[in-house]
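Only one structure is covered here, and it is reproduced in the block below.
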Amino acid sequence: MELKIKYLLQIADNAMIIGHRLSEWCGHGPILEQDIAMTNIALDHLGLARNLYQYCARLEGGGKTEDDYPYKRDVRKWRNLLLCEQDNGDFGKTITRQFLYDTFNLQFLTALQDSHDEHLAAIAAKSLKETTYHLQYSGDWMIRLGDGTEESHDRIQKSVNDLWMYADESFLESEADRWALNEKIGVDLNALKLPTQNNRTEILKEATLQIPESGWTQQGGKEGKHSEQLGYILSDLQFLQRAYPNSVW
Amino acid sequence: MEAHLEKRFQDKIDQEIKIEPKDWMPEKYRKTLVRQISQHAHSEIVGMLPEGNWITRAPSLKRKLGLLAKVQDEAGHGLYLYAAAETLGVERADLVADLHSGKAKYSSIFNYPTMTWADIGAIGWLVDGAAIMNQVPLCRCSYGPYARAMVRVCKEESFHQRQGFEIMMTLCNGTTEQKEMAQDALNRWWWPSLMMFGPNDDESPNSKQSMAWKIKRFSNDDLRQKFVDVTVEQAKHLGINIPDPDLNWNEETQHYDFGEIDWEEFWNVVKGNGPCNKARLDARNKAHDEGAWVREAAVAYAEKKRKRKEKVA
Ligand SMILES: [Fe+2]
Ligand SMILES: [Fe+2]
């Protein structure tokens, strides 16, 4: 049970944190239409997170609620990938982060549809439809910015280079990943690596961008070892729940 | 000729036939609409900022999703309204430039700060509530594209109003601190909300022509009165007090009497001296300026793509 919750939280926390990051754009986007589109995507991620936290609360019982997970855990208990918590930077950095995540997530959710946990499989199937659109969005913008102006090309190339060390953490197996694969609840992350990387290569090529040489991969998110950024996200996210404990909102 | 056209135009309006973009219209009618619709659009966009301020700090998943979706709706309203304005022969980019330079106005209510979470409830309840009072009659506005845009907008605004009231209700049913937070928000947002209906009727010289053209259907004071009557009852339901010692039910008029609005404050904020006028415009300009390279890239890419297609063909 403990490992199952850990496994679900890995997925939920990714969605929660990347959705939170995207929601920071709302009202500040470069184009009104893109503001709306990014908020749509943020809503999808946060909706997925909520579904999964609800599921965790139901499994754990004991009066747990969906809000206990995002609002009452400190940094070390979060299991999201380091990629998801990286700051928005400029629009190009946000798009690059989303693109790296979406390419992984598409493969991941496709495989997760076959989970022997029927509830999880159903959640994955619903999210997969959304993720297909997310990748369309981030992929199109990678190409537009990469093959746009000289300035946009340089900016997005820099973002690709800067975020590359977070690109492959998703494929490293945690204890929960191994357990879930064994129980046929989870997916084989190793099998996702090649299709994800092919997908990335194809789009980066079309975007006329250089693929960085694979180097060191930052890791630790799944085990609760985070960058300094997550603490600041949580101090915003959890402010009211911490300042006024035991209140209904 | 002009007099004949003008008579036909007014006849149509009197018969409640909608004016459409290609129809003849007096220049002043067109200008009035461009000003009103663009100000309305700007208000939707600037209005995203005070509420957006709490998206990352919303206290639960439900509230975070609700607020995010609400602020997104406002962006959508801005889009429909800019599109409606464009049917009158103006360009969105020019209208937006006027907003950013400070030339165009937007609703002054958004120049007040959102300090606590209860402000999000109060804005939904009072500001969206006042907006609905103003906007429901606009669904029957004589100009077709504006009227149709307002039908969509109003549906969403009434959802926002209910969501805001529900946030207030939850706070009022909560701890002492939460209820104090709700009362404090009402204290700060009440008078600015009444100001949203604009100057008193005898101070509002353009209203008469707008009424004749059926751009406006009710006077500022009538709408304000309606808002007060409805909202006082809702405040009672919440168990919090309207911050107006002169508020009294008047048996004779069957309306609430209420105190004098501080018009000096109103004009002061309109002139740019509100607590957040500068912050709002700075935020809009920052988003626009920092987005310039993205917009340029999108144009450049579209151009390249078009040329490549031509080559192939
Ligand atoms: Fe609106
Ligand atoms: Fe609204």
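The values are calculated or read from the model by the stated rules, or taken from the named source; none is laboratory data. Source: prediction; values computed, not measured. Using ideal geometry, Cβ is built from the backbone for each residue, glycine included, and neighbour counts are taken over all protein chains shown. Surface accessibility is based on the protein's heavy atoms, side chains included, excluding ligands, DNA and RNA. Shrake-Rupley method; radii C 1.70, N 1.55, O 1.52, S 1.80 Å.
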What does the charge dipole of the stretch A:2-243 about its Cα centre add up to, to the nearest 20 debye, if the Cβ of each Lys and Arg holds +1 and the Cβ of each Asp and Glu holds -1?
600
Along the positive direction of the dipole of the stretch A:2-243 (beta-carbon charges: Lys, Arg +1; Asp, Glu -1; about the Cα centre), which of A:Cys56, A:Thr110, A:Leu100 reaches farthest?
A:Cys56
Cα centroid distance between the stretch A:35-77 and the stretch B:81-95, in Å?
40
Only protein chains counted, 1.4 angstrom probe. Which residues of the stretch B:53-72 are at least 50 Å² less accessible in the assembly than when their chain is isolated?
B:Thr56, B:Arg57, B:Pro59, B:Leu61, B:Lys64, B:Leu65, B:Leu68, B:Gln72
Pick from B:Leu95, B:Leu61, B:Leu81: which is most flexible by mean-square fluctuation in a GNM of chain B where alpha carbon atoms under 10 Å apart are linked?
B:Leu61
Compute the whole-percent fraction of alpha carbon pairs in chain A spaced more than 27 Å apart.
33
Once you've got the GNM for chain A with C-alpha springs shorter than 10 Å, pick whichever of A:Gly231, A:Gly63, A:Gly19 has the biggest mean-square fluctuation.
A:Gly63
By its C-alpha gyration tensor, with a ≥ b ≥ c as the square roots of the eigenvalues, how is the stretch A:149-231 shaped: rounded for a/c under 1.5, else prolate for a/b larger than b/c, else oblate?
oblate
Taking all protein chains in place and a 1.4 Å probe, what share, in percent, of the accessible surface of chain B do carbon and sulfur account for?
54
Given a Förster distance of 22 angstrom, what is the FRET efficiency for B:Ser158 paired with B:His255, based on the Cβ-Cβ distance and rounded to 0.05?
0.45
Assign unit charges at the C-beta atoms only (+1 for Lys and Arg, -1 for Asp and Glu), then state the dipole size of chain B relative to its Cα centre in Debye, rounded to the nearest 20.
2180
Of all the Cα-Cα pairs you can form in the protein assembly as shown, what percent are over 38 Å apart?
38
Measuring from the longest principal axis of the C-alpha atoms of chain A, the long axis of helix A:32-60 (C-alpha) lies at a number of degrees, nearest 10, equal to 30
For the stretch B:130-200, with equal point scatterers placed on the C-alpha atoms only and solvent neglected, what are the log10 I(q)/I(0) values from the Debye formula at q = 0.17 1/Å, to two decimals?
-0.76
Stretch in chain B that is longest and holds no GluC sites (Glu not before Pro) that DSSP places in a loop and that have at most 16 other beta carbons within 10 Å
B:92-250
Got a sec? Charge dipole of the stretch B:97-173, +1 on Cβ for Lys and Arg, -1 for Asp and Glu; which of B:Thr114, B:Ile132, B:Gly144 is way out at the positive end?
B:Gly144
Compute the signed sum of charges (Lys and Arg +1, Asp and Glu -1) over the other residues within less than 10 Å, Cβ to Cβ, of B:Ile17.
-3
Sparse-neighbourhood loop hits (GluC sites (Glu not before Pro), the stretch A:212-249; DSSP loop; Cβ within 10 Å at most 15 others) -> A:Glu213, A:Glu228
Taking alpha-carbon centroids only, the stretch B:232-276 lies from the stretch A:114-145 a number of Å equal to 49
Solvent-free Debye scattering, log10 I(q)/I(0), computed from the Cα coordinates of the stretch A:65-172 at q = 0.11, 0.12, 0.17, 0.23 Å⁻¹:
-0.43, -0.51, -0.92, -1.23
When we measure straight from the Cα of B:Lys305, which lysines land under 18 angstrom away, once same-chain ones fewer than 8 places off are left out?
A:Lys205
With charges only on Cβ, +1 for K and R and -1 for D and E, what is the dipole size of the protein assembly as shown about its Cα centre, in debye, rounded to 20?
1300
Ranked by GNM mean-square fluctuation in chain B (Cα springs under 10 Å), the top entry among B:Leu171, B:Leu238, B:Leu247 is B:Leu247
Any idea which of B:Val269, B:Ile19, A:Ser235 is furthest toward the positive side of the dipole for the protein assembly as shown, if Lys and Arg beta-carbons carry +1 and Asp and Glu beta-carbons -1?
B:Ile19
